[in-house]
Amino acid sequence: MSVNDNLAALEGKWKGTNKLYLSWLPDPIKESASKATVSKKVAGQFVEIAYTWEYDGTPHEGTIVIGCDAKSDAVQAVWTDSWHMSHKFMLCDGTAADGTINLKGFYAVPDHPDWGWRTEIVPAADSFRYVMYNVSPDGAEELAVDTEFVRA
């Protein structure tokens, strides 16, 4: 594993607005300030995005560690978040195509088939988007989180 140039260019401190989508609520979009620190890890072989956000006044944090295969567009990551994953890691596989990192992992739902969680990291010149989708067992996607970061 290694880090592609698009991820490496994100190194530094970021700020943005986190939008949490809770479709079952009458007011489904919950916004909060968000901060992220992107840093290279393990002698530059991986990139970590550590971020913060809030829900109903309670602070939350998450982290994703990403590695890219230098010989293909394959990507692997491990992700956790204090609200979404609560004491568990999610292993994710995906691709790095056209500058966008696209990952998918799965989580258990008691008495039901596993659900998916798809994450996109979309780097731009002076910003990046961190977008997450909940994926039903039949493949239907629903926007869960969308955060646009700019340099702090």
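In nanometres, what is the gap between the two model label sites at Asp56 and Val150, each 7 Å from Cα along Cα-to-Cβ?
The modelled label-to-label distance comes out at 3.1 nm.
I'd like the Karplus ³J(HN,Hα) series for the stretch 139-152: coefficients 6.51, -1.76, 1.60, θ = phi - 60°, whole numbers in Hz, and an x wherever there's a Gly or Pro.
x, 6, 9, 9, 4, 10, 9, 9, 10, 9, 9, 10, 4, 7
Please enumerate, by chain and number, the lysines with C-alpha under 26 Å from the C-alpha of Lys71, excluding those fewer than 8 residues away in the same chain.
Within reach: Lys40, Lys41, Lys104.
Taking Cα centroids, how far is the stretch 106-136 from the stretch 51-76 in Å?
10
Under a point spin-label approximation (7 Å from Cα along Cα-to-Cβ), what is the Lys71-Tyr21 distance to one decimal in nm?
Using points 7 Å along Cα→Cβ, the separation is 3.8 nm.
Please work out how much length the chain gains when fully extended from Asp126 to Asp98, using 0.36 nm per residue of separation minus the C-alpha to C-alpha distance, in nm with one decimal.
Numbers: separation 28, 0.36 × 28 = 10.08 nm, distance 1.68 nm.
Going from the current span to full extension adds 8.4 nm.
Say each of His112 and Phe89 gets a label point 7 Å from the Cα, pointing the same way as Cα to Cβ; how far apart are those two points in nm?
Using points 7 Å along Cα→Cβ, the separation is 2.6 nm.
When only C-alpha pairs under 8 Å and at least 6 residues apart count, what is the relative contact order of the stretch 88-152, in percent? Write out the running numbers ahead of the final one.
Values: 127 pairs, mean separation 14.1, N = 65.
In percent, rounded to a whole number, it is 22.
Laboratory data are not the source of any read-out in this text; all were calculated from the coordinates shown. The shown structure was predicted, so the numbers you read here are calculated from the model rather than taken from an experiment. Please note: Cβ atoms are built from the backbone with ideal geometry, for glycine as well, and neighbour counts cover all protein chains shown.
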